Amino acid sequence: MKYYVFSVALIGTPFLAFLLCVNFRWVKYVFWVMVAAMGLYQETSINFFSHEEYPGSSRGMEVSLIHLLSFAILVAFFVRGKLRRLFPEAGYRLYFIYFLLCLPSVAVAADGLIAWFEVWKMMVLFIFYLMVYTYLKSTDDVQSILVSLAIFTMINFFVVARQHYSGIYQPAGVFPHRNCMGMGMLLFGPLFYAYYLSRGLKTKIDKFCAAAFPLAAIATFWSYSRGAITLIPVSYGITTLACTWDGRGQGGKVKRLMPLVILAILGFMAILPRVVDRFENASEASANTRVELAHCGWEMIKDNPIIGVGINNWSINMGPEYPYQDRAGDALGVKLNYNGIVETVYILICAECGIPALLGFIVWLLWYWFVCLRLLGRLRGTQWHFIAAGLLGGFTANYLQSVLEWVLRQQLNFICLMFMFALVSYLNTSWRKFAENKARVEG
């Protein structure tokens, strides 16, 4: 049934693109459906040439409803003359450079098809990445974006709550893994926290978007991901400090913050026993695994520092016919027998694609972090200042958690991150317009 429905959707994509070209007003509604489909990503995705048992970051040429709708919207933008450049902003050019730096590793991959799975993922995600930016530049519809992301956050919370109360110790929500969910909610939670601090609860939309913040925070705790829980005070603390840079309504922000502090303390005390249990009784094998897999990655990097062992080919190179586990085991004085992925996205990229690709990836990530920092000044006093403040905390948490997790390369987490990158790119190219609007209002 899933394949039948997907086939109908695939066939219908060109017709949808045509309808959007004819009636451009429908783009907004299709965009909302696409965001809602993020909450059903696993149910609406198909892997072609599937290797379901492969323990890598991509297990097939994955196509989902999100990709199909993104393509239809992007075609409509192109036909209507709204899509003018493939690389409209520096962040897009940096992503393209990172993509090019990963390609040489395909030539040395032990399994070229499995390497192609990850390359395909990067290509289809670029369509989504470009579509979100083009949508924003064409419509300036930031508020609808925020509402749709709040809906996604709420959908995830209710799935997490259902799983939690049905006895699942570490629920994953709509994400494929609990650590993925914790990382995703650490991206969205600070954004809606900043929304609440800056705007309060004046309108129904304000109340709706602000409600997404506590739901994201609770879901993060319920993941019982040690990395995510540790980074909660870091991400929300950075966001709190960044919000003070706005210079408007500081008294109102303090009034909104004080009840949150009290509620946060009470809520944390309620779940403290399980949090303590998660940290105190965590298996030592988990920490040992991270160290041992990192040593395997180091052995791969030493052998292939420029182009790596092949993108998405980590697990293949962990096989007995390759020397990396034996060499790492000899260095550590243990016998290794793993087929899983190293628990840090940075070592994973470096081992699979080489040092240049890792540097390209880090520069791409840091570009958006510094753009958010710069936007705190450029958007000061405007209605969208809180977005830069919230995402500065969210990006920091995601980047730091990626030192301990590889899940940033999971499809849904990558989609969420690129969604936020596209939003920041839009603000980075449109900030003068918001500053001018502010000046006119004040004048």
*Inspect segment 296-304 for any residue being under 14 Å from Ile349 (Cα atoms), open to solvent by 60 Å² or more (accessible area, probe 1.4 Å) and in contact (Cβ under 8 Å) with a residue 24 or more places away in the chain and give the result as yes or no.*
yes
*Taking Thr230, is it under 15 Å from Thr396 (Cβ atoms), open to solvent by 10 Å² or more (accessible area, probe 1.4 Å) and β-branched (Val, Ile, Thr)?*
yes
*Within segment 382-406, which residues are crowded, with 24+ Cβ neighbours inside 10 Å and of a type in the set (A, V, I, L, M)?*
Ile387, Ala388, Ala389, Leu391, Leu392, Ala397
_Residues located in segment 86-119, provided they are within 20 Å of the chain's Cα centre (by Cα) and among the acidic types (Asp, Glu)_ = Glu89, Glu118
*Among the residues of segment 372-408, count how many are hydrophobic (A, V, I, L, M, F, W, C) and closer than 21 Å to Gln143 by Cβ.*
11
*Is it the case that Ile155 is open to solvent by 10 Å² or more (accessible area, probe 1.4 Å), in contact (Cβ under 8 Å) with a residue 40 or more places away in the chain, more than 20 Å from Leu391 (Cβ to Cβ) and out of contact with any Cys (no Cβ under 7 Å at 6 or more places or on another chain)?*
yes
*Go through segment 1-112 and tell me which helices (runs of 4 or more DSSP H), entirely inside it, have 3 or more residues that are modelled with pLDDT of 85 or more and over 30 Å from Gly319 (Cα atoms).*
2-22, 27-38, 65-79, 90-102
*Test Tyr322 against the criterion of being surrounded by fewer than 24 Cβ atoms within 10 Å (Cβ to Cβ), among the hydroxyl-bearing types (Ser, Thr, Tyr), at pLDDT 90 or above and part of a helix (DSSP H, G or I), and give yes or no.*
no
_Output for segment 43-53, where each listed residue is open to solvent by 80 Å² or more (accessible area, probe 1.4 Å) and of a type outside the set (Phe, Trp, Tyr)_ = Glu43, Glu52, Glu53
*Residues satisfying the stated conditions in segment 357-375, i.e. crowded, with 19+ Cβ neighbours inside 10 Å and not small (Gly, Ala, Ser)*: Leu358, Phe361, Trp364, Leu365, Trp367, Tyr368, Val371, Cys372, Leu375
_Pairs where the first residue, in segment 187-205, is within 25 Å of Leu417 (Cβ to Cβ) and the second is of a type in the set (Asp, Glu), C-beta under 7 Å, 6+ apart_ = Ser198/Asp246; Arg199/Asp206
*Considering only segment 158-179, how many residues are part of a helix (DSSP H, G or I) and buried (at least 24 other Cβ atoms within 10 Å of the Cβ)?*
2
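The values are calculated or read from the model by the stated rules, or taken from the named source; none is laboratory data. Treat the numbers as computed from the prediction; the structure is a model and nothing was measured. Note that we place each Cβ from the backbone using ideal geometry, even for glycine, and neighbour counts take in every protein chain shown. Areas reflect the complete protein model, heavy atoms only, side chains present, ligands, DNA and RNA absent. Shrake-Rupley method; radii C 1.70, N 1.55, O 1.52, S 1.80 Å.
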